[in-house]
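Beneath this line is the structure, given in structure tokens, with notes to follow.
Please treat every number below as a calculation from the coordinates, not as lab data. Since we're looking at a predicted model, the values are computed, not measured. Using ideal geometry, Cβ is built from the backbone for each residue, glycine included, and neighbour counts are taken over all protein chains shown.
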Amino acid sequence: MRRKRESGLWVMGELQKINKRPGEGLFISFEGPDGAGKTTQARLLKEQLEALGLPVLLTREPGGTPIGEAIRKLLLNPSFKEMTVISEALLYSAARAQLVSTLIRPALDRGEIVLCDRYLDSSLVYQGLAGGEDLEMIAKINLWATGKLLPALTILLDLEARRGLERLQKAETGAAVETWQGDRVEQKELSFHQRVQQGFLQLAAREKERFFVVPAGDKPEVVRAKIWHKMQEILTQKGYL
Ligand code: TYD
């Protein structure tokens, strides 16, 4: 128990046990390093669910609410280089608290399927495992911020950090690495992004039931098909199909 506690990750496993609320909607998050293609896949999944006539809400973090979008601007502003990791963690969790209480919970209570482009695992990884801040504290603050709401399924798009950054550079400028600016997070050094990739894999290894890891280096259509295969299983289990 002590070793588990020291890692900080024990909080996630413990609280997940008391978080099962059968009968409500289905909460799914997308995670992964920058440039892994989460946004594309979340959108494709939304379209596929809607084509079946299922009620679906797609949102993103940081953001998704007017307050959250304002916090997003603060967080991603490239001129705020001096922002501490603790400040970051608190701002991300503030945006998340607003999103969960005003958008996600009400949608789940209506029985909808909620797709969230990033969620609290991003804080555990970017501010904790890669950013070096206290993982247990980040987990606790976020469980408080979200009323202990965890996704039923977290789709982790796994991509080598360098490839993810290259994809972003191409998409944003169509030009060479040297001319690319990126947002405040994207500007961090490669080793940070490598810790991010490893951090997500570490979380996934600890919570095998919640995480579904998909290699994201393939063409979007191949990735989409793998996600859909997994989704069919869950949708059937939950009685949507
Ligand atoms: P965004 O442009 O949405 O990137 P992406 O499309 O890769 O999700 O910017 C979000 C950035 O914020 C991303 O680099 C990851 C970072 N982030 C954290 O550091 N902590 C968090 O809790 C969240 C939600 C995001």
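General observations
- Gyration tensor verdict on the range 90-227 (Cα atoms; rounded if a/c is under 1.5, prolate if a/b is larger than b/c, oblate otherwise): prolate
- When the chain is described by a simple charge dipole with +1 on each Lys and Arg Cβ and -1 on each Asp and Glu Cβ, the residue from L45, G239, T102 located farthest towards its positive end is G239.
- The chain, relative contact order in percent, only Cα pairs under 8 angstrom and at least six apart counted: 29
- The Cα center of the range 54-77 and the Cα center of the range 101-117 differ in position by 14 Å.
- The fraction of Cα-Cα pairs per 10 angstrom bin, counted from 0 for the chain, comes to 7, 32, 39, 19, 3, 0 percent, rounded to whole percents.
- Value of [θ]222 nm, deg cm²/dmol, for the chain, DSSP H segments ≥ 4, -39500 (n - 2.57) each, nearest 500: -15500 deg cm²/dmol
- Calculated FRET efficiency for the pair D183/E50, C-beta based, R₀ 30 Å, to 0.05: 0.55
- Compared with the alpha-carbon gap, the fully stretched path from K81 to Q232 is longer by 50.1 nm at 0.36 nm per residue.
- Peptides 45-53, 208-216 ordered by packing proxy, namely the average of other Cβ atoms within 10 Å per residue, highest first: 208-216, 45-53.
- Extension gain for S191-A205 works out to 2.9 nm (0.36 nm per residue, less the C-alpha to C-alpha distance).
- Relative contact order, percent, the range 25-114 [alpha-carbon distance under 8 Å, six or more residues apart]: 43
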